[in-house]
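Novice: Handing you a structure now.
The values are calculated or read from the model by the stated rules, or taken from the named source; none is laboratory data. Model, not experiment: these values are computed from the prediction. Ideal geometry is used to build each Cβ from the backbone, glycine not excepted, and the neighbour counts take in all protein chains shown.
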Amino acid sequence: MNAIPQVASHPVEASSARPVLLEVRNLGKRFGGLQAVTDVSLELRGGIVTTLIGPNGAGKTTLFNLITGHLTPSSGDVLYEGRSIAGKQPWEIARQGVGRTFQDLHLFSRMTVEENILTAMEKSAWLWQPGGRSARRRRSEKVAEIMAATHLSGLAHARAIDLAYAERKFLSVARLIASDAKIWLLDEPASGLDPRSYDRFVALLRSQVAGGVTVCIIEHNLDVVVNVSDRVAFLDQGKLLAQGTPREVLDDPRLASIYFGETA
Ligand SMILES: Nc1ncnc2c1ncn2[C@@H]1O[C@H](COP(=O)(O)OP(=O)(O)OP(=O)(O)O)[C@@H](O)[C@H]1O
């Protein structure tokens, strides 16, 4: 209980009044004899940050994989902008506007920062770069803006493999911005960041959310949960046990004892 940080009142009010962008409906996933996700229903509302928390093995990553098409649900559905995306290929779901980062970042390690960002942009920006001079200028202006927003200006020609860890994390977010994804699923985006990079990350996230991006985060660090979340969903053993404001969820002693593995 002591390890739960003080929950500050959060500026985003009435998040339940915002439109639902993505809906997880009675979702289930079985791996052989293991029911990893059981009848989970969850709404991700536009322009807010929803954070998934829960002990190891709770099913958070599996839920992300079900949403992004990296796994096929055993039951239930995922609706994005009101249409089912369950069972579609990851690239189809990504192209519709559901973007994702991974713990291992999934960058093109031998490509430069600029190339990594360009490859995340619309398909016409890929390698052959068609569209004439004005399209090329627009693209390079957009890449420059994204690099400025993600503190990567000056590193345009550095290869991803040669970047510091925090820079690689920012590059993974830069690729999301470049993709114009409407919803971002971020797997522990703040882990391993030094304090300055962490502050920069929170400021970047806030500015993107203020600009209309919808975010869902998997996070273990409760300070980060309190700092960035409008809504929190608590999973345990594949089941959604609670959802609400950070205060409602983190102040619940029953959830705290599950989270910290204490006997009730
Ligand atoms: N591909 C798979 N095959 C079999 N079992 C799996 C697979 N992926 C996940 N699991 C199991 O499903 C359960 C949920 O795992 P998951 O990775 O979704 O939990 P998590 O909440 O993300 O955990 P953590 O916080 O430790 O990353 C675990 O028991 C895990 O071992």
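Novice: Scan segment 121-155 for residues that are buried (at least 17 other Cβ atoms within 10 Å of the Cβ), at pLDDT below 90 and assigned to a helix (DSSP H, G or I) and jot them down. Full working, then the answer.
Specialist: Applying the first criterion (buried (at least 17 other Cβ atoms within 10 Å of the Cβ)) to segment 121-155 yields 121, 125, 139, 142-143, 146-147, 149-152, 155.
If we keep only those that are at pLDDT below 90 too, we end up with 121, 125, 139.
Listed by number, the residues that qualify are Ala125, Arg139.
Novice: Right, another one. Given the residues Gly99, Gly28, Gly47, Gly57, which is the only one that is in a strand (DSSP E or B), over 29 Å from Leu163 (Cβ atoms) and either touching a strand residue (DSSP E or B) at 6+ places or on another chain (Cβ under 9 Å) or more than 16 Å from the ligand (Cβ to nearest atom) (or both)?
Specialist: Numbers: Gly99 fails: over 29 Å from Leu163 (Cβ atoms); Gly47 fails: in a strand (DSSP E or B); Gly57 fails: in a strand (DSSP E or B).
Only one candidate qualifies: Gly28.
Novice: Within segment 157-174, identify whether any single residue is aromatic (Phe, Trp, Tyr), touching a helix residue (DSSP H, G or I) at 6+ places or on another chain (Cβ under 6 Å) and at pLDDT 95 or above, and answer yes or no.
Specialist: As a first pass, look at segment 157-174 and keep what is aromatic (Phe, Trp, Tyr): 165, 170.
Imposing the further condition that a residue be touching a helix residue (DSSP H, G or I) at 6+ places or on another chain (Cβ under 6 Å) reduces the set to none.
For segment 157-174, residues aromatic (Phe, Trp, Tyr), touching a helix residue (DSSP H, G or I) at 6+ places or on another chain (Cβ under 6 Å) and at pLDDT 95 or above: absent.
Novice: Go through (1) crowded, with 23+ Cβ neighbours inside 10 Å; (2) more than 11 Å from the ligand (Cβ to nearest atom); (3) part of a loop (DSSP other than H, G, I, E, B) one by one and return the number of the condition Val78 breaks.
Specialist: Val78 satisfies all of (1) crowded, with 23+ Cβ neighbours inside 10 Å; (2) more than 11 Å from the ligand (Cβ to nearest atom); (3) part of a loop (DSSP other than H, G, I, E, B) except (3).
Novice: In segment 31-44, what residues are away from the ligand (no atom under 12 Å from the Cβ) and either outside the structural domain of Ser74 (by TED's automatic domain parsing) or touching a Lys or Arg at 6+ places or on another chain (Cβ under 6 Å) (or both)? Don't jump to the end; show me each part of the working.
Specialist: Taking segment 31-44 first, the residues away from the ligand (no atom under 12 Å from the Cβ) are 39, 41-44.
Correct list: Ser41 only.
Novice: Then there's this: Could you grab the pairs with beta carbons closer than 8 Å, sequence gap of 6+ or different chains, first residue in segment 218-238 and under 17 Å from Arg200 (Cα atoms) and of a type outside the set (A, V, I, L, M), second one surrounded by fewer than 21 Cβ atoms within 10 Å (Cβ to Cβ) and at pLDDT below 90?
Specialist: Listed pairs, sorted by first residue: Asp223/Pro5; Ser229/His10.
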